[in-house]
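The values are calculated or read from the model by the stated rules, or taken from the named source; none is laboratory data. What you see is a predicted model, and the numbers here were worked out from it, not measured in a lab. For neighbour counting, all protein chains shown are included, and Cβ atoms are generated from backbone atoms with ideal geometry for every residue, glycine included. These accessible areas exclude ligands, DNA and RNA; they are computed on the full protein's heavy atoms, side chains included. Shrake-Rupley method; radii C 1.70, N 1.55, O 1.52, S 1.80 Å.
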Amino acid sequence: GQQVMQIPQYQHVQEGEDFTTYCNSSTTLSNIQWYKQRPGGHPVFLIQLVKSGEVKKQKRLTFQFGEAKKNSSLHITATQTTDVGTYFCAGNQGGKLIFGQGTELSVKP
Amino acid sequence: DGGITQSPKYLFRKEGQNVTLSCEQNLNHDAMYWYRQDPGQGLRLIYYSQIVNDFQKGDIAEGYSVSREKKESFPLTVTSAQKNPTAFYLCASSKDRIAGGFADTQYFGPGTRLTVL
């Protein structure tokens with residue numbers, strides 16, 4: 001079936017360390033979106049990537065879309081306690097948005 | 001103040017009872033969605049609707065039903081046929097389900113946490 005795999009499932013870091021989560025699809029994606037869900041909250045849209053090889057930055061967050069449009073990554077530089085939460089990728093497969101399982105990030109001050 | 005509202009925030013029901021979760025949006029969005037979230041499983045699509053009086057099953061529709069009588073409202077009924085209904089339920093909306101061939105940004109409500117006793 002349609003799937004978007006996301007790893008790792010959990011990541012514990014010390015404040016100031018970097019963090020990366022990866023998404024992979026077996027099929028080509030039209031675009032990919034990233035969402036953040038704070039503990040006890042709901043997913044909030046962060047960004048959308050559309051073009052092959054696209055890289056976008058939001059302050060300490062860097063988003064990449066692979067050349068083959070089958071994978072994507074989110075990298076956070078120098079994590080802060082405000083970064084805690086679960087990060088989801090969501091890939092567009094044939095007009096349907098498929099969510100990855102999410103990566104739960106915890107940051108130790 | 002535009003957005004999506006879900007009520008109630010917490011809901012308890014006895015096994016064998018049907019329960020309806022509310023979802024309202026004032027964003028003038030055409031498409032609405034219901035997701036179920038379980039720990040470690042991400043978001044799974046239950047039902048979606050692209051237009052009033054029309055809806056389609058998602059990946060895990062069994063034991064659920066919906067209606068879309070108004071553009072603003074997309075209530076979800078969890079029936080007694082749903083084997084494991086305890087979960088966090090999220091409603092979302094987007095301007096169009098497909099915008100120019102790409103899935104549109106989805107805006108989520110605060111969610112309803114359902115517990116079956």
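Structure notes:
- Counts of other chain beta carbons within 10 angstrom of each beta carbon in peptide A:41-54 average 3.
- Cut-off under 5 Å, modelled amide H: who pairs with A:Glu17 long-range: A:Thr79
- Cα-based radius of gyration of the protein assembly as shown once divided by 2.2 N^0.38 Å, which approximates compact folds: 1.02
- For chain A, convex hull volume per residue from C-alpha positions, Å³: 89
- Accessible area per residue in Å² at 1.4 Å probe, computed on chain A: 47
- Per-residue mean of foreign Cβ neighbours for B:42-49 is 4 (Cβ atoms of other chains, 10 Å radius).
- Legend note: in the protein assembly as shown, no cysteine has its Cβ 4.7 Å or more from every other cysteine Cβ.
- Taken over the Cα atoms of the stretch A:36-97, the convex hull encloses 85 Å³ per residue.
- In terms of Cα atoms, the Rg and Dmax of chain B work out to 13.5, 45 Å.
- Karplus-derived 3J(HN,Hα), 6.51/-1.76/1.60, for each residue of the stretch B:107-117, Hz, glycine and proline x: 10, 9, x, x, x, 10, 9, 9, 10, 9, 8
- Size of electric dipole in the protein assembly as shown: Cβ of Lys, Arg +1 and of Asp, Glu -1, about Cα centre, debye, nearest 20: 60
- Taken about its Cα centre, chain A carries a charge dipole of roughly 320 debye when the Cβ of each Lys and Arg holds +1 and the Cβ of each Asp and Glu holds -1.
- Additional length obtainable on full extension of the chain from B:Lys83 to B:Asn18, 0.36 nm per residue less Cα span: 22.2 nm
- Going from the chain on its own to the full set of protein chains, the stretch A:73-99 has these residues losing 10 Å² or more of accessible surface (heavy atoms, 1.4 Å probe, no ligands, DNA or RNA): A:Phe88, A:Asn92, A:Gly95, A:Lys96, A:Leu97, A:Phe99.
- ³J(HN,Hα), Karplus 6.51/-1.76/1.60, whole Hz, each residue of the stretch B:20-37, x for Gly, Pro: 10, 9, 8, 9, 10, 9, 10, 8, 6, 7, 7, 9, 9, 9, 10, 10, 10, 10
- Spin-label model distance (nm) - B:Lys95 vs B:Thr115, 7 Å beyond Cα toward Cβ: 4.0
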